[in-house]
1. What does the charge count near residue 128 come to, summing +1 for each Lys or Arg and -1 for each Asp or Glu among other residues with Cβ under 13 Å from its Cβ?
2. Show the residues, 5+ positions off or on another chain, whose built amide H is closer than 5 Å to the amide H of residue 37.
3. Return one whole number: the accessible area per residue of the range 76-167 in Å², for a 1.4 Å probe.
4. So what does residue 95 come to for accessible area, using a 1.4 Å probe and Å² rounded to 10?
5. Across the range 25-144, how many lysine pairs, 8 or more positions apart or on different chains, have C-alpha atoms separated by under 12 Å? Please give the number.
6. Enumerate by residue number the chymotrypsin sites (Phe, Trp or Tyr not before Pro) in the range 54-103 meeting two conditions: DSSP loop (anything except H, G, I, E, B), and at most 15 other Cβ atoms within 10 Å of the site's Cβ.
7. Around residue 170, what is the net charge, scoring Lys/Arg as +1 and Asp/Glu as -1 over all other residues with Cβ under 15 Å from its Cβ?
8. In Å and from the alpha-carbon atoms only, list the Rg and Dmax of the range 45-204.
Amino acid sequence: MKKLPFLAVLILITNLSANAQQFKKFGAGVYGGSQLFGKMYSNDDLSKISGFTAGVDLRYSFSKQPEGFSLHFQPGFNTFRQITESGDNSQVEMETIWKWRAFHLPVLLRYTFSSGKVRPFAEIGPMLRFRQALKVNTSNNICGIAGCYFQETNSDLHPLTTKDAIGLTAGAGVEVDLWKVTIPVSIRIQEGFGTFETNVTFYESAGYQNLKTRVIQVTAGINF
């Protein structure tokens, strides 16, 4: 009689493990992460930025097991903040702060390399980008014989610039089965196909040209 509770628990664990391993062709989940590196000009190198990405993951698998191709629709919200400083820290000091927000609608073709509990994958696909905000704040501190002169400008570039509406998302990562859910972790790059620029000139200024928003992000999620 003492063995009956133990057998009941063993059967329950076995059934739950079997249910956890069942693979569904349709799936859904959520993801989020940090924007680590990025740039705002096409000729710049990638540099440290801050920001986040968050969204949902809707999946359709072309096979009846995890290994193989699957299609992922991952609408999400991205933010971008970059601070650059220049000058000699004595007579001339300049600081530029870029702020950017956008909704992304990527459709990714993913290939998963295994059907085990730990599965590497790679993914790539086009995206639509709906920018919500683009601002740049500049401050200059110039010191000379006559003293120091400080100037600060805050510009809302969103209504003044063309949109980089079509882009690309590519990444690689690993999926880990944990009980009844799957935890995907990935490193991704997102960028527009072309450049964008101000479509009107500022007063006594040529405006901005050759802008190109590229970001590298690390994401983690949970899929059901």
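1. +2
2. 49, 216
3. Accessible area per residue, the range 76-167: 55 Å².
4. 60 Å²
5. 4
6. Here the sparse-neighbourhood loop sites are 62.
7. +2
8. 21.5, 76
The values are calculated or read from the model by the stated rules, or taken from the named source; none is laboratory data. Everything numeric here is computed off the predicted structure, so don't read it as measured data. When we count neighbours, we look across all protein chains shown, and the Cβ atoms used for this are built from the backbone with ideal geometry, even at glycine. Remember, those area values only see protein heavy atoms, side chains included, never the ligands or the DNA or RNA. Shrake-Rupley method; radii C 1.70, N 1.55, O 1.52, S 1.80 Å.
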